[in-house]
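The values are calculated or read from the model by the stated rules, or taken from the named source; none is laboratory data. What you are looking at is a predicted structure, and each value in this text was computed from that prediction instead of being measured. Ideal geometry is used to build each Cβ from the backbone, glycine not excepted, and the neighbour counts take in all protein chains shown. For accessibility, only protein heavy atoms count, side chains too; no ligands or nucleic acids. Shrake-Rupley method; radii C 1.70, N 1.55, O 1.52, S 1.80 Å.
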Amino acid sequence: MFYFTIIGTSDNPIYEAEFTTAKNTFQPEIKELNPYIVHSTLDIMEYLQWQRQPQLDINTSSGGFLRSRHSTQENSYLGKVDSFYGLAVSGFLTYGNIKFIMVHGNGTVDDTVTRSFYYEVYELYLKTLMNPFYKVNDPISNSAFDSKVRVLSKRLFV
Amino acid sequence: MSLQFSYEKYMNLIQYPEHWSNPIPHEISKKVIYNTLSPCICVQSNLELDNHLKDMYNIDSISMLFRYFGDYIQDRDQIPSTTDLKDPGSVSSGRHRSDSLFQRQASECVRFTRSLEDLISIDSEDHILQSTDIDSFLSQYLQNLEPIMNENGTPSKLLKHSIYHRFFITLSSINLSRYHSFHHPVVALLPLDITKGQGYENAREILIHFKNLNNTLENFPEFININDILPVFVLCYDENSREQWESVQALTKSLKKQLFVESVSISLFTPHDNQKSTTLHSPITVSLHEQVFNMSHPTSINIPSRLLTHIYDTISFIVEEMMIPFMHRKLVFWDETVLQPRKSIFQSNKFFRRFISPKSNHPIAHKVNDPQDPAEGDIMFPASSPEFLLRKLADWSFMLSDFKKAYSIYDLLTKDFESYPQYLAPCLEYKTISLLMGAQNIITAKTIKTEVDPLMTRAIEQYKKQDEKHSLRVIHCILTFSDLLLSLSDTWVSSPLAVNYLTYIQKSHLLGPYATVIILERIAYAYEICIDLRVNDHFLPKPDEENKADESEAAENSKKGENGLEVDDMHEWRNENKLIQNNLRSEGLTRFRKYSLYQLVAAKKWVELHKRNQAKWCIYHAAPAYEKLSLSKRPDGLFHRLSMELS
Amino acid sequence: MAEQIINPSTTHSTKVAGQGYDYTIGPTQTLPNTSTATTSGTGFVVPTTGIYGQSLISKEKQVSLSAYAFLFQSIVSYHRDSSKNVQEIERKLNSSGYTIGMRLTEILNFRDSVPNKTGLTNMDSVAGTITNMKRRNLKILETLQYIHLTVWQYLFSRPSNDLVKSSERDNEYMIIDNEPTISQFIQHTSVQCESFTCGIIEGFLDMAGFPCHVTSHFVEETGFSNRTVYLIQFDKAVVERENLRQ
């Protein structure tokens, strides 16, 4: 099970969704904590946002990612950035510093699947943004966006 | 009530609500740790004297009396500060009161314990601390606290720290240990009641009895050497009687000359009908069982104020003029006889060791079957073995604040104890502790990662290899480590390490629910101070009252209107789409949101344990980060639900 | 191109299975009876019309310059009528360009990440073709160069003429355009119509994480009467951060 959010520029979520199946759902006590876990991960994301090489050292509770040191290395997809008692949290930064954060209920982050998921959602976000009536930081309440994201989320369960 | 804040007030903060808004004292963790490791002075019992004491002051025994005067003795915290100057009878012996809370260097600190026989007898199986004991104590302690918190509404971070340190102290076992010498008494006070006619003969008897305890007591442990305890006679007399005073003088001389033992005198039994007396407050560092007892049987003991000063003077005298020189002498002796040969080239080189036959008559470590504690009965180094003497040397250096020396000896011992994990673990533990206590200035971010962290991991590994029954030792070790890490100046690096360790305790479920919440709050504190040194934390959101002051200032300074579309002569048109970023300087360099998350989780757990006031304070501290978020206003969201429930 | 009315994202035009995100309520779960569908044919209808059906990769479209100039002129008059002073007109023009700039940060960088753009102009979703996102610019100079080259190219079909760092203050930079395109038909007035372009730059930089304030000034040179200098003043905190994060 997964909990996905898009966070705007002032810590406010502009989109949230839970991806669950009949077998995989969040425990109620975790479920109510999810938004706050994501909020706390913002500390780490902000730290990584401006690092030249976004590699985590001891300043987080768990391991890093992206071992390569190339200066042209991508710094949008951050991989697993944090963990919280058995849950893993992954993050993605857009060029406008909007943050996509997802809580992985099974404690692991599959980089390839998650990365492609983020890319697809980013494209959807951009299309929403291109709408002149949509202001940055507005909640995305369009149902088409929602349905498309849910279709994409199916890939995460493989 | 005195307005001056002191160590005693901090530890007993539950009784001093007026101090709850004080800031957190600097390096308080170090002081607490140092207090739990200070030299022990055991007070032997004297039945006649105890009965006399009971009649006069309603105190059970003289060791109980001394208990009230322990810990940071220069604070003289039993003396209320208002009466200090006015009392004409107070003896001014040049010993001024000090405030150990605010001093940098370590003050004199001692702990008074029961008699040696008592100490040995309680070192048995059923007194091993269980996590359930701690939890029930905490539950009661916090229950007592709830009504006091009701009256004093302002949330106080200081009180939470005090509760944590009280929890920490309950974890610190004071049982005699074969692995280190921190709780072995250094001085033994042998009291004599002069008013009842006890004199030289009684003294001689008591001394002989004391010196032969290792032969007479059947379970006298082999790791204690009775000759390493300094006996001191305490002659208690009545000041008003001239002849008692003279016999005290004579006795002091004869005891010195014939028995070679020093003595001090206290005019304990002077009648005090017309004098001003003070009610003593409870002592600070006591074991869990005594704390539980104290809570359910509060007693009030009145002592004349003059006597208080006199007692403190005597204790300072014992400590400064007798105990410390004694310890120094022993240290020098052990240094010469054990340490120097150990450091010589032949000993350290394993190749040469083969050629050295065990000529020395030092007994070596042997297997001991301890009937009371079969699991620990593997190996014991007796008191006279060179390894244990070295350990003692290191421990005593630590107690005298010579951390550098202690560290070097612990380092030496880690090689010796390689094959004895039960001895190795405390050795590594104290090596780390002495490193962090002493070398404050040379510890850089790099040292933390390359030296301190591996050392800690190694110590914990060794502890984990041992029996589950003693899991509380691991927890105590880890808590000590994390406290010391959090008191370093470079918290940006050390704080995440501390969080790792604390989270490890949490995940292992070794502690009960109350202890777990307290650990959660400690994790929150660790995140609160995790700020990069280059940031001025002025930019972090603060709780309401402070925020309102800032906001009104900002509103006065700027002339802007709220809504950009308001066309007002005084206001300028503003772009309402303009992104505002307030925390650019501290972006990513604090862990404020993590702090708030853990406060929220702690609040939730407190509600489950029905401690509403504790939960309320946690929510108050979590509020600055969450108040402005729309997600916090959702009716079924956690924050909103808890806020409503607790308001 | 399909003639579709652009629906604001806040209205629901077609009812589809599944609801949108409501920020006062919070996240909704994927409903059990719709999520267990394994084949793509069953389950709920995924709409392919509307903005999500459009491609993000643009075709090279041309717009008539005169139409654009008239449009711009009416924007300027509109703001002029509703304002009291020159400063206010400029602010309003700035804000008009600001929202454009905010979007440009995202879309231009995204397009740069997509390899092989020419063949993709009709594709619904191009994210699948991306292997690696282009690196986010973390330094002031990199971002400004991006504006100087790519953004200007996108807006005006040519790069700007110069990018200069001020020698007096370390938080000031200048972009120079000899013949600004959008105001080329406007006579010199006291109103800086290039505030519109300033807004674009400001929106771009703000969104990219470099809060700043941009103003334009006429600096004439021989042959270029409309030569404009765009003065970019970054927040002091931005420069501090740059130095901190070496």
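If each Cα of the range A:2-157 is one equal point scatterer, what is log10 of I(q)/I(0) from the Debye formula at q = 0.08, 0.18 Å⁻¹?
Normalising to I(0) and taking log10 leaves -0.21, -1.14.
Residue B:457 to residue B:225: extension gain in nm, 0.36 nm per residue of separation minus the Cα-Cα distance?
Separation in residues times 0.36 nm, less the Cα-Cα distance, equals 80.2 nm.
Just how far, in whole angstrom, is the range A:93-136 from the range C:215-236 if you go by their alpha carbon centroids?
Value for the Cα centre distance between the two parts: 37 Å.
Averaging sequence separations of C-alpha pairs under 8 Å and six or more residues apart, then dividing by the length of chain A, give the relative contact order as a whole percent.
24 percent
Express in Å², to the nearest 10, the accessible area of residue B:533 obtained by rolling a 1.4 Å probe over the protein heavy atoms while all chains stay in place.
Approximately 120 Å² of residue B:533 is accessible to the 1.4 Å probe.
Once C and A are treated as a pair rather than alone, how much accessible area drops out, both sides summed, in Å² to 100, probe 1.4 Å?
5600 Å²
What list of ³J(HN,Hα) couplings, whole Hz, do you get for the range C:51-65 from phi and the Karplus terms 6.51, -1.76, 1.60, once you set θ to phi - 60° and write x for glycine and proline?
The phi angles translate into 5, 6, x, 7, 8, 7, 8, 7, 8, 6, 9, 10, 10, 5, 5 Hz.
Just the number, please: carbon plus sulfur as a percent of the accessible area of the range A:2-157, 1.4 Å probe, no ligands or DNA/RNA counted. Kindly include the intermediate steps, with their values, before the conclusion.
Values: 2430 of 4700 Å².
Here it works out to 52 percent.
Total Å² of accessible surface buried at the A-B contact, 1.4 Å probe, nearest 100?
Details: alone 9040 and 31590 Å², together 37710 Å².
Its buried surface, counting both partners, is about 2900 Å².
Which whole-Hz ³J(HN,Hα) couplings does the range B:448-458 yield from phi under the Karplus relation 6.51 cos²θ - 1.76 cosθ + 1.60, θ = phi - 60°, glycine and proline marked x?
Karplus-based 3J(HN,Hα) across the range B:448-458 equals 4, 6, 8, 10, 5, 4, x, 4, 4, 4, 4 Hz.
At a Cα cut-off below 22 Å, give the lysines reachable from residue B:257, other chains included and same-chain residues fewer than 8 away excluded.
Partners found: B:211, B:330.
Report the calculated FRET efficiency for residue A:155 and residue C:69 (r = Cβ-Cβ distance, R0 = 51 Å), to the nearest 0.05.
0.60
Which one, A:108, A:30, A:49, is farthest towards the positive end of the dipole of the range A:2-157 when Lys and Arg carry +1 and Asp and Glu -1 on their Cβ?
A:108
What is the Cα centroid distance between the range B:163-201 and the range B:262-277, reported in whole angstrom?
Value for the Cα centre distance between the two parts: 23 Å.
Mind listing the Cα extents of the range B:231-325 along all three principal axes, in Å, largest one first?
Projected onto its principal axes, the Cα set of the range B:231-325 covers 47, 36, 19 Å.
At residue B:647 and residue C:58, where each label point lies 7 Å from the Cα along Cα→Cβ, what is the point-to-point distance in nanometres?
4.9 nm
With only Lys, Arg, Asp and Glu charged, each at its Cβ (+1 for the first two, -1 for the last two), find how big the charge dipole of the range A:2-157 is about the Cα centre; round to the nearest 20 debye.
I would put it at about 460 debye.
Buried by at least 30 Å² relative to the chain on its own: which residues of the range C:208-246 qualify, computing accessible area with a 1.4 Å probe on protein heavy atoms?
Buried by the other chains: C:211, C:237, C:240, C:241, C:244, C:245.
Send over a whole-number figure in Å² for the accessible area per residue of the range A:2-157, probe 1.4 Å. Could you put the intermediate results ahead of the total?
Numbers: 4700 Å² over 156 residues.
That works out to 30 Å² per residue.
What distance in nm separates the two pseudo spin-label positions at residue C:174 and residue B:335, each 7 Å out from Cα along the beta-carbon direction?
According to this spin-label approximation, the distance is 7.2 nm.
Between the range B:4-25 and the range B:488-502, what is the separation of their alpha carbon centroids in Å?
Using only Cα atoms, the two centres lie 26 Å from each other.
Within 10 Å of each Cβ of B:589-601, how many other protein chain Cβ atoms are there on average? Don't skip to the end; give the middle numbers.
Working: counts 8, 3, 5, 3, 10, 10, 2, 4, 9, 2, 0, 4, 6.
Taking all residues of B:589-601 together, the mean is 5.
Over its Cα atoms, what ratio of radius of gyration to 2.2 N^0.38 Å does the range B:129-268 give?
Against the compact-globule rule of thumb, the ratio is 1.57.
Quote the charge dipole size of the range B:228-305 about the Cα centre in Debye, to the nearest 20; the model charges only the Cβ of Lys and Arg (+1) and of Asp and Glu (-1).
Using only the charged Cβ atoms, the result is roughly 140 debye.
Tell me whether the range B:185-294 comes out rounded, prolate or oblate; compute the Cα gyration tensor, take square roots of the eigenvalues as a ≥ b ≥ c, and use a/c under 1.5 as the rounded threshold.
It comes out oblate by the Cα gyration axes.
Using Cα-Cα distances under 8 Å and only pairs 6 or more residues apart, what relative contact order does the range C:142-246 have, in percent? Could the numbers behind the result be given before it?
Numbers: 150 pairs, mean separation 25.7, N = 105.
Reported as a whole number, the value is 24 percent.
Net charge around residue A:92, counting only other residues with Cβ within less than 12 Å of its Cβ (Lys, Arg = +1; Asp, Glu = -1)? Write out the running numbers ahead of the final one.
Working: positive: A:80, A:99, A:115, C:136; negative: A:74, A:111, A:120.
So the surrounding residues net to +1.
What accessible area per residue comes out for the range B:580-647, rounded to a whole number of Å², with a 1.4 Å probe?
It amounts to 38 Å² per residue over the range B:580-647.
If you stretched the chain out fully between residue B:136 and residue B:246, how much longer would it get, using 0.36 nm times the residue separation minus the C-alpha to C-alpha distance? Please list the in-between numbers first.
Details: separation 110, 0.36 × 110 = 39.60 nm, distance 5.24 nm.
Full-extension gain reported as 34.4 nm.
Tell me the GluC sites (Glu not before Pro) within the range C:131-223 that lie in a loop according to DSSP and have at most 11 other beta-carbon atoms within 10 Å.
Here the sparse-neighbourhood loop sites are C:168, C:220.
How many lysine pairs does chain A hold where the Cα atoms are under 27 Å apart and the two sit 8 or more places apart or on different chains?
So the count works out to 20.
Taking the Cα centre of the range B:178-289 as the origin and placing charges on Cβ (Lys, Arg +1; Asp, Glu -1), which of B:254, B:206, B:266 is farthest toward the positive end of the dipole?
B:254
Run the quick spin-label model on residue B:150 and residue A:85: label points 7 Å from Cα toward the beta carbon, then report their separation in nm to one decimal.
3.0 nm
Report, by chain and number, residues whose modeled amide H sits under 5 Å from the one on residue B:265, excluding near sequence neighbours (fewer than 5 apart, same chain).
B:235
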